[in-house]
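The values are calculated or read from the model by the stated rules, or taken from the named source; none is laboratory data. On a predicted model such as this, the values are computed, not experimentally measured, just so you know. Cβ: placed from backbone, ideal geometry, glycine included. Neighbour counts: every protein chain shown.
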Amino acid sequence: MHDGVRVRFAPSPTGLPHLGNVRTALFNWLFARHYGGSFIVRMEDTDLARSAEGADQKILEGLDWLGLDWDEGPQKGGGYGPYYQSQRVSIYQSHAQQLLQEGHAYVCYCSPKRLEEMRREQERRGGPPGYDSRCRGLSRAEAERYEDQGISPVVRFKVPLEGGTSFHDLLRGEISFANSSLDDFVLLKSDGYPTYHLANVVDDHLMEISDVLRADEWIPSTPRHILIYQAFGWTPPRYIHLPLILDKSGGKMSKRLGDVSIDSYKQRGYLPEAIVNYLALLGWSPGDTQEIFSLEELVPRFSWERISVSPAIFDPKRLSWFNRRYLCNSAPNRIAEAVSPYLRAAYGRDERSEGTAYSPGAWRELLVDQVREEVDSLDQMPDRVGFAFLNEVDYRAEAREALSAASAGKVLQALAERLSALTSLDADEASSLLQELRVRFKEQEDLAARELLFPIRASLTGTLHGPGLAAVMALLGRERCIERVRSSLSSISS
Ligand code: GLU
């Protein structure tokens with residue numbers, strides 16, 4: 001059944017791509033990869049009024065970032081191009097001509113004003129909306145009169161007046177529409193540009209698309225497409241309409257475009273693998289309890305039979321949960337690299353390893369390891385590691401209190417002496433040093449662990465919370481630890 005699979009992602013570049021668009025792209029990509037077919041990207045950019053400058057690039061960057069590579073399309077080319085519909089306008093025009101000549105379409109000179117009045121009247125009467133077919137029976141003489149007035153017509157499809165149009169959706173079965181519910185829709189606009197219906201069908205046919213996977217909001221368009229296929233004598237592709245994505249309040253997710261754009265998730269430091277994993281489960285299920293899937297694992301597991309027909313609910317908290325899982329479970333160097341831009345934005349640099357026992361890369365990995373379990377996204381990391389980047393320690397009240405404890409001076413004095421005797425300080429060495437001090441102060445002064453650790457942490461970080469103390473010391477390095485401890489000592493004694 002799935003020989004020669006060719007599927008397409010056909011976005012209209014009207015704004016930033018959002019999670020809903022990308023879910024469609026992902027399912028098409030998985031379908032193509034699963035059945036060994038081709039994944040094609042086609043820009044549906046003939047709606048000049050709605051096209052947004054640079055939106056096509058954003059879409060392609062988004063796909064690239066998520067790892068959804070395409071076999072044909074912009075930047076890549078292919079045997080069925082061009083892949084921008086705006087570069088194919090003459091193809092649509094000649095196909096509209098063909099439909100006119102064969103009696104499946106007609107020219108319509110109705111002015112926007114007349115169409116608007118017609119629409120209002122329909123609304124007033126409560127009748128079905130849609131074009132009233134006034135120009136369907138226009139004589140040649142009448143058409144010539146309009147032409148003489150310099151009016152450019154649109155081309156409309158002649159929907160059969162009787163009967164019905166049905167198609168088979170792989171998930172939903174037979175879907176039928178009465179032809180009387182479909183009006184004579186526009187194929188070619190008066191500026192010569194095609195509508196979505198014409199361009200989409202012509203391209204799906206010419207690009208030999210085998211399966212159309214698209215959001216179910218397109219179902220009402222599908223009978224119109226079927227009529228166009230029939231008029232040309234072409235075989236339609238197979239259809240899979242993907243379940244709607246709703247937000248938690250039951251609204252359509254795409255309405256809140258800004259906060260669900262791929263770009264905003266990328267900027268906030270969500271990992272592409274977390275987004276892919278979450279989106280794969282938005283309308284598809286593996287049939288068991290496995291939740292964590294890489295793109296590679298999804299390819300063999302994905303099957304269209306397990307796509308759901310009921311709406312999927314977009315839950316930002318669940319997406320954060322996936323991101324956290326990936327932040328915690330990915331290789332430390334993967335996360336260290338990903339957090340780099342966030343550190344640079346916050347501190348002007350992405351490491352401060354000089355004077356420590358670590359190379360820049362190893363230093364960043366150690367840093368990331370301390371905080372990655374506590375954040376939802378990379379953008380939350382820099383705030384938690386200021387102690388390792390900033391020269392000035394910002395002492396909170398709790399830290400000042402810990403430093404004013406009776407034993408704080410003695411503890412810090414001992415620490416400064418031990419540090420001065422060392423030549424290097426990695427996390428293991430810091431850990432043994434702390435252990436040694438604990439034993440010593442327990443035996444000699446009967447100090448509890450917190451009485452030892454609180455002043456040290458307070459002195460080094462300015463707070464009583466944060467990463468493990470041995471790691472804090474290793475990240476600061478011997479010199480900076482000594483400096484901070486000495487500075488605390490001098491403010492204690494002054
Ligand atoms: N250009 C349409 C969109 O923006 C394509 C719909 C389809 O896949 O047919 O989603």
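Each row is one residue, and each column tells you yes or no for (1) farther than 30 Å from VAL41 by Cα; (2) within 36 Å of the chain's Cα centre (by Cα).
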| site | (1), (2) |
| --- | --- |
| GLU72 | no, yes |
| TYR80 | no, yes |
| GLN85 | no, yes |
| ALA96 | no, no |
| CYS108 | yes, no |
| GLU123 | yes, no |
| PRO160 | yes, no |
| GLY164 | yes, no |
| ASP169 | no, yes |
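Per-residue answers, yes or no, for (1) closer than 27 Å to PRO11 by Cβ; (2) aromatic (Phe, Trp, Tyr); (3) outside any helix (DSSP H, G or I):
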position: SER152; (1), (2), (3): no, no, yes
position: SER176; (1), (2), (3): no, no, yes
position: ASP183; (1), (2), (3): yes, no, yes
position: ASP204; (1), (2), (3): yes, no, no
position: VAL212; (1), (2), (3): yes, no, yes
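The residues of the stretch 214-240 that are in a strand (DSSP E or B) and either within 13 Å of the ligand (Cβ to nearest atom) or touching a Lys or Arg at 6+ places or on another chain (Cβ under 9 Å) (or both), listed by number, are ARG214, ALA215, TYR239, ILE240.
Of the residues screened, LEU187 is not one that is surrounded by fewer than 16 Cβ atoms within 10 Å (Cβ to Cβ), touching a helix residue (DSSP H, G or I) at 6+ places or on another chain (Cβ under 8 Å) and in contact (Cβ under 8 Å) with a residue 40 or more places away in the chain. The residue that is farthest from ASP216 (Cα to Cα), among those in the stretch 314-332 that are in contact with a strand residue (DSSP E or B) (Cβ under 9 Å, 6 or more places away or on another chain) and surrounded by 15 or more Cβ atoms within 10 Å (Cβ to Cβ), is PRO316. The residue pairs whose first member lies in the stretch 215-233 and is more than 22 Å from PRO243 (Cβ to Cβ), whose second member is within 13 Å of the ligand (Cβ to nearest atom) and outside any helix (DSSP H, G or I), and whose beta carbons are closer than 7 Å, counting only pairs six or more residues apart or on different chains, are TYR229/PRO236. Listed conditions (1) under 15 Å from the mean Cα position of the chain (by Cα); (2) more than 15 Å from the ligand (Cβ to nearest atom); (3) hydrophobic (A, V, I, L, M, F, W, C) are all met by ILE59, apart from (2).
Restricting attention to the stretch 1-25, the residues that are closer than 16 Å to ALA55 by Cα and of a type in the set (Val, Ile, Thr) add up to 2. Pairs linking a residue in the stretch 449-475 that is free of Cβ contacts under 8 Å to residues at least 12 places away in the same chain to a residue that is surrounded by fewer than 19 Cβ atoms within 10 Å (Cβ to Cβ), with Cβ atoms under 7 Å and 6 or more positions apart or on different chains, are ALA449/ARG438. Evaluating ALA414 against the criteria (1) of a type in the set (A, V, I, L, M); (2) within 15 Å of ARG486 (Cβ to Cβ); (3) within 51 Å of the chain's Cα centre (by Cα) leaves one unmet condition, (3). Restricting attention to the stretch 404-426, which residues are touching a residue at least 60 places away in the same chain (Cβ under 8 Å), assigned to a helix (DSSP H, G or I) and surrounded by fewer than 16 Cβ atoms within 10 Å (Cβ to Cβ)? Within the stretch 404-426, GLN413, SER420 meet the criteria. Applying a threshold of 8 Å to beta carbon distances and a minimum spacing of six or more residues, or different chains, the list of pairs starting in the stretch 427-439 at a residue that is acidic (Asp, Glu) and ending at one that is part of a helix (DSSP H, G or I) and crowded, with 19+ Cβ neighbours inside 10 Å reads ASP428/ALA470; GLU429/ALA474.
For the stretch 385-403, a residue qualifies if it is basic (Lys, Arg) and exposed (fewer than 15 other Cβ atoms within 10 Å of the Cβ), and exactly one does: ARG400. The set of residues from the stretch 187-202 being within 16 Å of the ligand (Cβ to nearest atom) and either of a type outside the set (Gly, Ala, Ser) or not in a helix (DSSP H, G or I) (or both) comprises LEU187, LYS189, TYR193, PRO194, THR195, TYR196, HIS197, LEU198, ASN200, VAL201, VAL202.
Residue count for the stretch 53-104, restricted to those that are among the β-branched types (Val, Ile, Thr) and part of a loop (DSSP other than H, G, I, E, B): 0. For the stretch 118-150, name all the residues that are of a type in the set (Lys, Arg) and either under 16 Å from SER180 (Cβ atoms) or not in a helix (DSSP H, G or I) (or both). Answer for the stretch 118-150, where residues must be of a type in the set (Lys, Arg) and either under 16 Å from SER180 (Cβ atoms) or not in a helix (DSSP H, G or I) (or both): just ARG136. Does LEU115 meet the test of being modelled with pLDDT under 95, part of a helix (DSSP H, G or I), of a type outside the set (Lys, Arg) and closer than 21 Å to HIS197 by Cα? Yes, satisfied.
Residues that are in a loop (DSSP other than H, G, I, E, B), more than 14 Å from the ligand (Cβ to nearest atom) and touching a strand residue (DSSP E or B) at 6+ places or on another chain (Cβ under 7 Å) were ranked within the stretch 1-52; the one that is farthest from ILE240 (Cα to Cα) is GLY37. Of all residues in the stretch 334-347, those that are in a helix (DSSP H, G or I) have Cβ atoms under 7 Å from Cβ atoms of residues that are acidic (Asp, Glu), 6 or more apart or on another chain, in ALA336/GLU365; SER340/ASP350; TYR342/ASP379; LEU343/ASP350; ARG344/ASP350.
Say whether the condition of being more than 39 Å from the chain's Cα centre (by Cα), within 30 Å of HIS241 (Cβ to Cβ) and away from the ligand (no atom under 16 Å from the Cβ) is met by at least one residue in the stretch 173-185. The answer is yes; a qualifying residue exists.
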